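The values are calculated or read from the model by the stated rules, or taken from the named source; none is laboratory data. Model, not experiment: these values are computed from the prediction. Every residue, glycine as well, gets a Cβ built from its backbone with ideal geometry; the counts of neighbours run over all protein chains shown. Each accessible area value is taken on the protein alone, full model and side chains, heavy atoms only, with ligands, DNA and RNA left out. Shrake-Rupley method; radii C 1.70, N 1.55, O 1.52, S 1.80 Å.
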Amino acid sequence: MKITSADVIVCSPGRNYVTIKIETDKGIYGLGDATLNGRELSVVSYLRDHLIPCILERDPFDTEDIWHYLYRGVYWRRGAVNMTAIGAIDMALWDIKGKALGVPVYKLLGGKSRERLLAYTHAQGIDTAETMEAVAEKLEKGYKAVRVQSGVPGVEKVYGVSGEAGQYEPAVKGNKPVEETWDTNKYLNYIPGLFSKVRERFGEEVHLLHDSHHRLTPIEAARLGKELEPYHLFWLEDLIPAENQESLKIVRQHTTTPIAIGEVFNTIYDCQDLISNGLVDYIRMTIAHGGGITPMLKVASLAALHHVKTGCHGPSDLSPINLAACLHFGTAINNFGIQEYMGYSDATMEVFTVGYSFSRGYFNLMETPGLGVDINFKKAKQYEYGPAYLPVNRLEDGTLYNW
Ligand code: KDG
Ligand code: MG
């Protein structure tokens with residue numbers, strides 16, 4: 001079998017998505033998600049101008065060699081744009097392999113390690129009362145795990161909270177990022193009380209998660225982890241920006257609250273030290289931004305050696321193709337932890353059809369060959385791309401801060 005052509009589709013059914021379609025001489029095609037929120041067109045250009053020409057005529061079954069060709073062979077390694085593009089190609093090749101053999105991708109990755117996959121969703125509100133109602137609503141829908149984010153008194157707009165009814169979408173349409181403000185002190189004073197109330201009302205059984213979205217220093221993170229200990233979180237996510245990984249030791253020395261990091265990582269080298277030094281409990285890397293299924297199997301193997309489980313990033317700013325790839329990966333590996341699931345807009349689900357279902361807190365994979373996902377090009381064309389950016393963050397005195 002040979003790759004004969006490939007192209008990239010950019011569409012915006014509710015939000016921007018980039019999809020690669022790779023065609024073969026046997027009439028089988030594969031799809032991959034190449035979405036990088038706020039930097040979509042850079043990945044499109046990288047794929048069209050540089051990577052696609054390198055994969056023509058190759059046998060799509062040679063995923064290992066093609067991956068190394070694109071990773072080592074280009075000389076310039078790592079980076080979000082590069083690895084998202086490689087990830088999309090790798091995903092599409094696994095899709096082709098599954099379709100060619102008539103089996104779902106998970107069967108090629110080790111087979112079935114579990115019947116269904118635990119997922120967590122997001123509950124958010126502008127204040128404690130609204131957040132509690134949002135949690136209640138998710139539990140009524142059958143979710144077993146809920147990420148709780150709330151507006152903080154005295155802070156105008158907080159990560160994870162939309163301020164309007166409906167799905168939270170941080171990327172704002174326009175030609176440059178909007179600005180938000182942040183106050184760590186107000187946040188740290190508020191969050192433990194919120195979780196105390198959530199536990200008191202909803203009991204011990206529900207898994208609770210929280211995302212600090214890279215906003216704390218190590219010692220502030222240590223304080224938050226410690227103060228949240230009585231509420232037994234499933235995980236506390238992205239407490240600190242993870243460039244300086246040594247600093248996670250400070251957090252670890254002070255708290256038993258489980259730590260999840262890695263949604264912005266794109267190679268195994270970004271998480272190697274964190275995992276092998278026992279500094280995280282869950283690795284958040286996802287298939288699209290982690291360079292594809294091929295390298296993520298290696299991340300999972302490394303993680304398994306150190307008691308670390310997966311918790312793949314699965315926001316609505318990655319398409320259902322990435323989610324499907326995460327579910328095949330999660331079905332096959334032994335150390336699956338949990339899958340993030342925000343749900344998708346009706347417009348998104350008009351464009352993509354999927355081979356998984358979601359019920360009462362768990363995903364079930366169908367036995368569709370390949371990744372089990374498709375895209376409707378006619379519909380996709382009706383939703384035109386428009387630039388959208390993630391916000392930037394400033395402290396109240398104007399200092400630029402982590403978003
Ligand atoms: O594009 C950025 C979002 O995907 C990110 O802000 C979402 O932190 C996030 C999460 O945990 O889903
Ligand atoms: Mg996050």
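Does residue 146 meet the test of being of a type in the set (Val, Ile, Thr) and more than 16 Å from ligand 2 (Cβ to nearest atom)?
No, not satisfied.
So which of 399, 331 is over 21 Å from residue 118 (Cβ atoms) and not aliphatic (A, V, I, L, M)?
399 is the lone residue from the list that is over 21 Å from residue 118 (Cβ atoms) and not aliphatic (A, V, I, L, M).
Can you tell me which residues in the range 21-66 are among the aromatic types (Phe, Trp, Tyr) and more than 24 Å from residue 109 (Cβ to Cβ)?
Once the filter is applied, which keeps residues that are among the aromatic types (Phe, Trp, Tyr) and more than 24 Å from residue 109 (Cβ to Cβ), the range 21-66 yields only 46.
Name the single residue that is nearest to ligand 1 (Cβ to nearest atom) among those in the range 245-265 being under 16 Å from residue 275 (Cβ atoms) and part of a loop (DSSP other than H, G, I, E, B).
263
Could you pull out the residue among 47, 41, 70 that is touching a Leu at 6+ places or on another chain (Cβ under 9 Å) and not polar (S, T, N, Q)?
70
On the basis of being touching an Asp or Glu at 6+ places or on another chain (Cβ under 6 Å) and hydroxyl-bearing (Ser, Thr, Tyr), does residue 217 make the cut?
no
Looking at (1) of a type in the set (S, T, N, Q); (2) modelled with pLDDT of 95 or more; (3) more than 16 Å from ligand 1 (Cβ to nearest atom), which is the one condition that is false for residue 150?
(3)
Would you check which residues across the range 16-64 are within 23 Å of the chain's Cα centre (by Cα), in a strand (DSSP E or B) and polar (S, T, N, Q) and list them?
Within the range 16-64, just 19 meets the criteria.
Being open to solvent by 90 Å² or more (accessible area, probe 1.4 Å) and touching a residue at least 60 places away in the same chain (Cβ under 8 Å) is the filter here; which residues of the range 74-86 pass it?
77, 78
Tell me, which helices (runs of 4 or more DSSP H) wholly within the range 300-403 include 1 or more residues that are modelled with pLDDT under 95 and open to solvent by less than 50 Å² (accessible area, probe 1.4 Å)?
Here the list is empty.
Going by the conditions given, is residue 71 open to solvent by less than 30 Å² (accessible area, probe 1.4 Å), in contact with a helix residue (DSSP H, G or I) (Cβ under 7 Å, 6 or more places away or on another chain) and of a type in the set (Phe, Trp, Tyr)?
yes
Just give me the residues in the range 194-211 being within 16 Å of ligand 2 (Cβ to nearest atom), within 13 Å of residue 224 (Cα to Cα) and in contact with a helix residue (DSSP H, G or I) (Cβ under 9 Å, 6 or more places away or on another chain), in sequence order.
210 - this is the single residue of the range 194-211 that is within 16 Å of ligand 2 (Cβ to nearest atom), within 13 Å of residue 224 (Cα to Cα) and in contact with a helix residue (DSSP H, G or I) (Cβ under 9 Å, 6 or more places away or on another chain).
Applying the selection to the range 249-284, what residues are aliphatic (A, V, I, L, M) and either closer than 30 Å to residue 85 by Cβ or open to solvent by 10 Å² or more (accessible area, probe 1.4 Å) (or both)?
Listed by number, the residues that qualify are 250, 259, 260, 261, 264, 268, 274, 275, 279, 280, 283.
When the residues of the range 227-247 are narrowed to those that are closer than 15 Å to residue 213 by Cα and in contact with a strand residue (DSSP E or B) (Cβ under 8 Å, 6 or more places away or on another chain), which ends up surrounded by the fewest Cβ atoms within 10 Å (Cβ to Cβ)?
Top of the filtered list is 242.
So, in the range 310-342, exactly how many residues are over 22 Å from residue 141 (Cα atoms) and more than 16 Å from ligand 2 (Cβ to nearest atom)?
12
Scan (1) part of a loop (DSSP other than H, G, I, E, B); (2) in contact with a Phe, Trp or Tyr (Cβ under 8 Å, 6 or more places away or on another chain); (3) within 16 Å of ligand 1 (Cβ to nearest atom) for the single condition residue 288 breaks and write down its number.
With (1) part of a loop (DSSP other than H, G, I, E, B); (2) in contact with a Phe, Trp or Tyr (Cβ under 8 Å, 6 or more places away or on another chain); (3) within 16 Å of ligand 1 (Cβ to nearest atom) applied to residue 288, the lone miss is (2).
Kindly indicate whether residue 190 is within 16 Å of ligand 1 (Cβ to nearest atom), among the hydroxyl-bearing types (Ser, Thr, Tyr) and either open to solvent by less than 80 Å² (accessible area, probe 1.4 Å) or not assigned by TED's automatic domain parsing to the domain that holds residue 260 (or both).
no
When residues of the range 200-219 are filtered for being away from ligand 1 (no atom under 16 Å from the Cβ), open to solvent by 30 Å² or more (accessible area, probe 1.4 Å) and closer than 29 Å to residue 133 by Cβ, how many remain?
Qualifying residue count for the region: 5.
From (1) touching a residue at least 40 places away in the same chain (Cβ under 8 Å); (2) in contact with a helix residue (DSSP H, G or I) (Cβ under 7 Å, 6 or more places away or on another chain); (3) crowded, with 18+ Cβ neighbours inside 10 Å, pick out the condition that doesn't hold for residue 39.
With respect to (1) touching a residue at least 40 places away in the same chain (Cβ under 8 Å); (2) in contact with a helix residue (DSSP H, G or I) (Cβ under 7 Å, 6 or more places away or on another chain); (3) crowded, with 18+ Cβ neighbours inside 10 Å, residue 39 is out only on (3).
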